[in-house]
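Values in this text are rule-based calculations from the coordinates and carry no lab data. Given the structure is predicted, the values throughout are model-derived calculations rather than measurements. Every residue, glycine as well, gets a Cβ built from its backbone with ideal geometry; the counts of neighbours run over all protein chains shown.
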């Protein structure tokens, strides 16, 4: 008996592809880096996605409904500028959709509503961290400020400060090692507290005679001069602090990308390229780009909101007679890839991974049957029938894939949007890119895995 033929063997993408596909891996990497640099916030990512969709002939849901939706139509939804959905309409929506659902929010620091204060001859911004971060990683690195702020006159100001080489950057202090004896005795998670993540935004008192908070007043004057902002405007703003850095190649072979926001923009960009390549599918193809996943999928721009379900109802109503049962059938009969990242084996931290089941860099898109923690709590836990179907699809189309999970049992865990879509009765599994340094200010992915992720999503959507 040929015993070797019975064993499962992982495949390295680098050993699997030919020269043409090898070159495409690097071309894809350049396109993905451009997306990362232009999409530092969920609003910027949404704007980028809608722009690319319109260039490919997608029209807004309102216009599509007005014209009457028909098979082959390409439709987009812009949900409050912070989440989006792209549809390519198939023949019978009630028979279900092929859906790839990714999220475009990432861990970061948000400004508090009244952020600006002065202390120690510095002007500072107070922040509240967003998502699961290691707080100490955010000190002593160059930072940029992105977001929107409304003036009292109602004017919307879009800010992006710190990305251009001529811009100033911002900074969070840390304690010098000479005076860190007490800090060094703390647990790593407690060494920097949330209330210590205060951003340096100014220092000069030149040209002002005010005795109380002169630096703060000068900063407000500069903001008012350039943007017509007053301090009260911060209360109604959405301003985010992110690393002031562009996506960069890593390694002598340039085979990896270091950047802010790979979780989950590596899957989101793969999702975008995949849906833009779809033409007249048999089954309606849908790509979701949602907000608020990093804080539990809450709020009206998250996957828990009804914007997607409502859009499906609008499309069905536009195509003929409407009944609520048609929308329910469309959702229940759907098949979904929850497009989110997972952890790859880190050579320095192998002890937290089950090496027999963990994903590896360069070995393709990772299929995670379950996520969750403490006995799969909060997990979708995909059905074997759906996994088998995907295995056949990927093997037939030469997609390099692997299994993955988020660490050893009882070491931790995490969640995705999978369970939300599964609540409609849809078949759902987590399928995304394995990566390193997840939730750090700068994360790491393999170009080969990023490319294979998009290829897998395209094959799935184009059924």
If you wrap a convex hull around the C-alpha atoms of segment 116-196 and split its volume per residue, what is the figure in Å³? 145 Å³
For the chain, longest principal axis from Cα atoms; helix 19-38 axis from its Cα atoms; angle between them, nearest 10 degrees, is 40 degrees
Going highest first, how would you order 367-375, 433-441 by mean Cβ packing within 10 Å? 433-441, 367-375
So, relative contact order of the chain in percent, Cα under 8 Å, 6 or more apart, is 23 percent
Once Rh for the chain is found with the Kirkwood sum over Cα pairs, what is the Stokes-Einstein diffusion coefficient at 4 °C and 1.567 mPa s, in µm²/s? 55 µm²/s
With r defined as the distance between the Cβ atoms of residue 153 and residue 310 and R0 fixed at 35 Å, what FRET efficiency is calculated, to the nearest 0.05? 0.60
If you take the beta carbon distance between residue 95 and residue 355 as r and set R0 to 45 Å, what does 1/(1 + (r/R0)^6) give as a FRET efficiency, to the nearest 0.05? 0.60
Mean separation of Cα contacts under 8 Å (6+ apart) over length of segment 108-243, as relative contact order %: 39 percent
Can you give the % of DSSP beta bridges in segment 339-434 that are antiparallel, to the nearest 5? 50 percent
Sort out for me the Cα centre separation of segment 4-53 from segment 170-211, rounded to whole Å. 38 Å
Helix 307-319 sits at what angle to the longest principal axis of the chain, using alpha carbons and giving 0 to 90 degrees rounded to 10? 50 degrees
Based on the Cβ-Cβ distance of residue 227 and residue 7, what FRET efficiency does E = 1/(1 + (r/R0)^6) give at R0 = 56 Å, to the nearest 0.05? 0.35
Restricting to DSSP H runs of at least four residues, report the calculated mean residue ellipticity at 222 nm for the chain, -39500 (n - 2.57) per run over all residues, nearest 500 deg cm²/dmol. -8500 deg cm²/dmol
With just the Cα atoms defining each centre, how far is segment 395-462 from segment 316-392? Give it in Å. 7 Å
Rounded to the nearest 5, the percent of antiparallel DSSP beta bridges in the chain equals 70 percent
Which semi-axis lengths, in whole Å and largest first, follow from the square roots of five times the eigenvalues of the Cα gyration tensor of segment 139-268? 30, 24, 15
